[in-house]
Amino acid sequence: MRKLSICRYFKFGKKVDSSATRNDNETLNMKAEDNVKDESIENDNIENKEAGEETTGNESPETVVLDPLEEKEIQIKELNDKYLRLYSEFDNYRKRTQKERIELIQTGGEDIFKVLLPIIDDFERAQKSMDEKADFAVLKEGVDLIYNKLVSSLTSKGLQQMPSSVGEKFDSDIQEAITQIPAPTEDMKGKVIDEVEKGYLLKEKVIRYAKVVVGQ
């Protein structure tokens, strides 16, 4: 009887020890799970913090909002600077063109004078030749050459001599009647009887009217 009680005692004690061990294991597992959860939460907090820092670093600087009055003042200053530059450019252009116009007026006949200079040289040589020799035929030939050279030079610059208008009907657009005389015949009334001075055109423009005598 005593032996049975002792056995029961040992069996009961063994059960008590097994239950305690199981409880200890469950406690350890719960603590391990809690530690894992804590580490996970801590890692999440660190990641969120780093992500927040990266987002803050990538943010663009805030746009400065100006007062409407300041914006208007800046616009006025820009427009004023632009006006001053344009005015300066226009003033320089005006002065340059005015200078060019004055030079053009002063030297407008430069080309004509360059053409006439060789003819003046020819006249000077002709005068010198007349002093040395008195050969009328040679003198006449020289004068004819100079005359032809002068006409040819002026023609190259656009000068045109009006053809003779004797016997033609008087034309007030290109002729100037200096006097009127009785017509020698009936068909010469209102026509040019004589031409005192020839008329000239410069590139289709009348620069000298032909002076004529008209029959009446």
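In segment 97-142, what trypsin sites (Lys or Arg not before Pro) fall in a loop by DSSP, with at most 14 other Cβ atoms inside 10 Å?
Qualifying residues, ordered by number: 133.
Taking the Cβ of residue 165 as the center, what net charge do the other residues with Cβ under 12 Å away carry, scoring Lys and Arg +1 and Asp and Glu -1?
That sum, taken over residues with Cβ under 12 Å, equals -3.
Excluding residue 145 itself, what net charge comes from residues whose Cβ is under 11 Å from its Cβ, given Lys and Arg +1 and Asp and Glu -1?
0
Could you order the peptides 175-187, 204-216 from most to least packed, using the average number of other C-beta atoms within 10 Å per residue?
Taking the mean over residues of other Cβ atoms within 10 Å, the ranking is 204-216, 175-187.
To check you understand DSSP bridge types, tell me what percent of the beta bridges within segment 160-216 (both residues inside) are antiparallel, rounded to 5.
So the antiparallel bridges amount to about 60 percent of the total.
Would you work out which of 97, 107, 80 lies farthest towards the positive end of the dipole of segment 68-107, given +1 charges on the beta-carbon of Lys and Arg and -1 on that of Asp and Glu, about the Cα centre?
Value computed over the given set: 107.
Got a sec? Charge dipole of segment 160-216, +1 on Cβ for Lys and Arg, -1 for Asp and Glu; which of 166, 178, 207 is way out at the positive end?
Positive-most Cα among the choices belongs to 207.
Any idea how far the Cα center of segment 66-114 sits from the one of segment 176-216, in Å?
52
Here is the link list: 140/211; 114/205; 191/211; 95/157. Which ones come out longer than 19 Å on Cα distance?
Where the Cα-Cα span goes over 19 Å, the pairs concerned are 140/211; 114/205; 95/157.
Quick note: the coordinates plus some simple rules give every number you see, no bench work behind them. No experiment lies behind these values; they were computed from the predicted model shown. Positions of Cβ are generated from backbone atoms using ideal geometry, with glycine treated the same way; all protein chains shown enter the neighbour counts.
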